[in-house]
Amino acid sequence: MVEIELDNITFRYGHRRGDLLFTELSLRITSGEWVGLVGPSGAGKTTLLKVMKGLLRPEAGEVRINGAPLQELNPFAAFVFANPENQIVSPVVAEDVGFGLEQAGLDIETIRRRAEQALRRVGLWERARDLSHHLSGGEQQRLILAGALALRARCLLLDDPLSMVDGHARDDLLALFGEIRKEEGCTLVQTTHQLDEVVNVSRVVALERGRVVFDGPPMAFFREDSLIDRLGLEVPPLVRLGEELARANLMAGTEIMSSRQLLSFIGVDEARRTD
Amino acid sequence: MLKAIDISHTFEAGSAPSRWALRSVTVGVEAGETVLITGPSGSGKTTLARIVAGLERPSQGTVRLKGEDLYGTEQRSTSASGQVAMAFQYPERQFFADSVWEELRWGLHLGLGLDEEAIRTRLAKVAHELDLPLEAVARRSPRQLSSGQQRKVALVSVLALEPQVLVLDEPLTGLNGRERRRLAELLRQRLRQDRAMVVIAHELELFLPWATTVAVLAAGRLVFHGSPQELAATGDPAVLSAVSLPPLIEISSSLKRHALSEGPVSNEVSIVLDQVRRAVEKRDLR
C-alpha cells in the first residue's frame, strides 16, 4: 500500500515571485490508483512527479508517504524519466535491468529471474544481450520501464513513458499498466501528452499553470470540451465515435472500445498480429 | 531529389546479415514531397534517417542528393551547406550551447553566414509559428526547458535553416495534442515546391492525410512502400503487425475490405460513424 499526499505545496525553480510554479497545491493519491496527469507543456507535470519521488523539495508545504513526511527519496516509488538516455546506466540491456536489483543487494539468481521476467513483460527479451545504446528510442523507454518493473516497486512514477513507443507496443504497455495495477495493487502516476493514454486510467488530474483544474474519471474529463481545448489537448477520435454510437443507440453506454473490439461487435474479426 | 538506394547497415562489423539494422532498403523523395517513415520501435527508422541526413555512412548502398553521392567524398558537411538538416529524436543530443539564443543562432551564423539582423528576423518568424516564447527563453539554457519547449527549440533551429531536405525524427514527441496537430499542419504548409521532407513518426493520423509516400520498416526491412491510401486499404498482415493504423482508419478500412462499406477510407468521426451505422444495418439484414 502506498499513499501519496501533497499538502499545500509551494514550489518554484528560480527565486523571483514570477517563478512560482505551484502555490499551495494539494493532491492525495491513494493506493492502487492509476492517475493520468495531463496539461500543457510547462504546466508542472514533471515537477509534480519529481516532488512525489523526493527528487525536488517544495519550499513550503509537506509531502507525506503513507502518512509520514517525506525526508529523502520516496522508498516505495520507482521513477521513469521522460528521456530514457538519462536513466540507462549499463551498456548491456539485461545488465541495465539488473542494476537496481544489484544495488538493492539481491542475489544473482533472483536478479536474473526478475530481469528476464521484466524484459519479457515489455517485449524486449530477445534484445537482452544487445547493447543499450543500439536500442531505438521506443525500446530504450521500454528498457527503463523494465528496470522499474524489476524493482517491484509499489508505486510507479512514469514521466511520459510511452512518448517514443509506437503502435502496437504502446497498446501492449498500456494493457500492462492496467495489469500490474489490478494484479499487484501497484499505484501508478503517469504524465502524458496524449489523451488516448488515459482512457483506461482510474483518475485524470489536469494541471494548468500549477493548479489542478480537473480531478475525476476519464469519461467525465472527455466531456469537458472547453477545458480540454484550453489545455491544448484533444479527445481521442475513438472516444468521440463511441459517444456518437451510444447516442445513436448502436452501442450500450459510452464504453470505449478498441477499434478491434468495435469491429468484432459489428461482426468483423481482423487477424492482425503475426507475432 | 534525395534517394537512398539498396541501403544495408550494421553497427557491428561481421555480424550476421539477419541482425543488421537495415537490409536492402530503397526509399526516395522528390521536391515538393514528403515521405513518412514508420514502423515498430527498433525497426531501423532512426538509422535510416541518419543515413539519408548524411550523418552515418551506410555499410552498403548509396545515398544520392540531386544525383550526387552524399558519401562520395570524405570531408563533406551537407548540413553546413544548408542542403540537409535533421532534427533529432532527443533534442538534448542536438543542443550544445549554453543559451537558447546561441543554440538557434549558430547554424544561421556559421552555416548560412547570415548577419544579426537577418538571423533575428528569421528566428522570430519561425519561433512565432511554433509558438515558442523566444524572448522568455532566449537566455536560458536549452537543457533547463520543459520537454515540449526543448522540442520546439530543436525544431526552430532546423526549420530556420530552410534546408532543401528536412529530416525530422519523431518531431511531435513531448508535444500536446493540439500542438502536435498544429506542428504537423505547419510542416505541411512549409513544404515548398523546391524542398523535400523525410518524417519519422508514429502518429499516422497527423501525417497520412498529406504525406506523398509511406515507407514501413520492420526489423530493418521495407515491408511497405506506397501511398497513404494504399496503406489504409492494405490487408497485409506483415504490414498491419508493423504499423498501428489510426483507429478510425482501421475501422473504416476494415469495413470496406469486408464489403460492409462502400465509402472512402476515412479518419473523420462523422463519416466513420455513418459507415458503422450502415455496417450494423447490413449485418442485421444478413
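Where both bridge residues fall in chain A, DSSP classifies roughly 55% of the beta bridges as antiparallel. Segment A:1-78 and segment B:216-260 have Cα centres lying 43 Å from one another.
Taking 56 Å as R0, compute the FRET efficiency from the Cβ-Cβ separation of A:Leu73 and B:Arg19 and round it to 0.05.
On the way: r = 39 Å, r/R0 = 0.70.
After rounding to 0.05, the efficiency reads 0.90.
Under the simplified labelling scheme, the B:Arg278-B:Asp69 pair shows an inter-label distance of 5.4 nm, with each label point 7 Å from Cα along Cα→Cβ.
Could you work out the helix-only [θ] at 222 nm for the protein assembly as shown, with each DSSP H run of four or more residues adding -39,500 (n - 2.57) and the total divided by the number of residues, to the nearest 500 deg cm²/dmol?
Numbers: 21 runs with 202 residues, N = 561.
The helix contribution divided over the protein assembly as shown gives -10500 deg cm²/dmol.
Amide hydrogen proximity for B:Gly61: with H placed 1.01 Å from N in the peptide plane, the residues at 5 or more positions away or on another chain lying under 5 Å are B:Ser8.
Classify chain A: rounded, prolate or oblate, from the alpha-carbon gyration tensor (a ≥ b ≥ c, eigenvalue square roots; a/c under 1.5 rounded; otherwise prolate if a/b is larger than b/c)? Note, shape of chain A comes out oblate.
Please report the buried accessible area for the interface of A with B, total over both chains, probe 1.4 Å, in Å² to the nearest 100.
Separately minus together, A and B give about 4200 Å² buried.
Amide H contacts under 5 Å for A:Cys186: A:Arg181, restricted to partners 5 or more places along the chain or on a different chain, H placed in the peptide plane at 1.01 Å from N. Here r is the Cβ-Cβ distance between A:Asp19 and B:His128 and R0 is 22 Å; the resulting FRET efficiency, rounded to 0.05, is 0.35.
Give me the extension gain from A:Gln261 to A:Asp107: residue separation times 0.36 nm, minus the current Cα-Cα distance, reported in nm with one decimal.
On the way: separation 154, 0.36 × 154 = 55.44 nm, distance 4.37 nm.
Gain on stretching A:Gln261 to A:Asp107: 51.1 nm.
Inter-label distance, B:Leu285 to B:Ala233: 2.3 nm, where each label sits 7 Å from its Cα along the C-beta direction. Peptide A:160-170 is shielded by partner chain Cβ atoms: per residue, an average of 6 of them sit within 10 Å of its Cβ. Of the accessible area of the protein assembly as shown, computed with a 1.4 Å probe over protein heavy atoms only, carbon and sulfur atoms account for 48 percent.
Roll a 1.4 Å probe over the protein chains and send me the accessible area per residue for chain A in Å².
Numbers: 12250 Å² over 275 residues.
Heavy-atom accessible area per residue stands at 45 Å².
Simple spin-label estimate for A:Arg247 and B:Glu30 gives 4.3 nm between the two label positions (7 Å along the Cα-to-Cβ direction from each Cα).
Mind jotting down the distance between the C-alpha centroids of segment B:1-67 and segment B:128-199, whole Å? Cα centres, segment B:128-199 to segment B:1-67: 23 Å. Computed from the Cα positions only, the extents of segment B:2-227 along the three principal axes stand at 51, 39, 34 Å, in decreasing order.
So if the hydrodynamic radius of the protein assembly as shown is defined as the Kirkwood radius over C-alpha pairs, what does Stokes-Einstein give as its diffusion coefficient at 4 °C and 1.567 mPa s, in µm² per second? Using the Kirkwood radius from Cα pairs, D works out to 52 µm²/s.
If you take each beta carbon of peptide B:142-149 and count the beta carbons of other chains within 10 angstrom, what is the mean? Before the final figure, lay out each step's value.
Values: counts 0, 0, 1, 2, 9, 11, 8, 2.
Whole-number average of other-chain Cβ neighbours for B:142-149 is 4.
Of A:Met52, A:Met1, the residue with the largest accessible area leads and the full order is A:Met1, A:Met52 (1.4 Å probe).
Efficiency by 1/(1 + (r/R0)^6): what FRET value for A:Arg223 and B:Glu262, r their Cβ-Cβ distance, R0 = 35 Å, to the nearest 0.05?
Numbers: r = 33 Å, r/R0 = 0.95.
Rounded to the nearest 0.05, the efficiency is 0.60.
Looking at chain B, the DSSP beta bridges with both ends there are about 50 percent antiparallel. Counting Cβ atoms of other protein chains within 10 Å of each Cβ in B:172-184 and taking the mean gives 6.
Solvent-accessible area per residue in segment B:2-227 equals 42 Å², computed with a 1.4 angstrom probe and all protein chains kept. Pairs spanning more than 19 Å between alpha-carbon atoms, out of B:Lys3/B:Lys45; A:Lys45/B:Lys45; B:Lys3/B:Lys66: A:Lys45/B:Lys45. Given a 1.4 Å probe and the protein chains as shown, B:His128 ends up with an accessible area of around 140 Å².
The values are calculated or read from the model by the stated rules, or taken from the named source; none is laboratory data. What you see is a predicted model, and the numbers here were worked out from it, not measured in a lab. Neighbour counts are summed over all protein chains in view; Cβ atoms, including those assigned to glycine, are modelled from backbone coordinates with ideal geometry. SASA here: full protein model, heavy atoms, side chains in, ligands and nucleic acids out. Shrake-Rupley method; radii C 1.70, N 1.55, O 1.52, S 1.80 Å.
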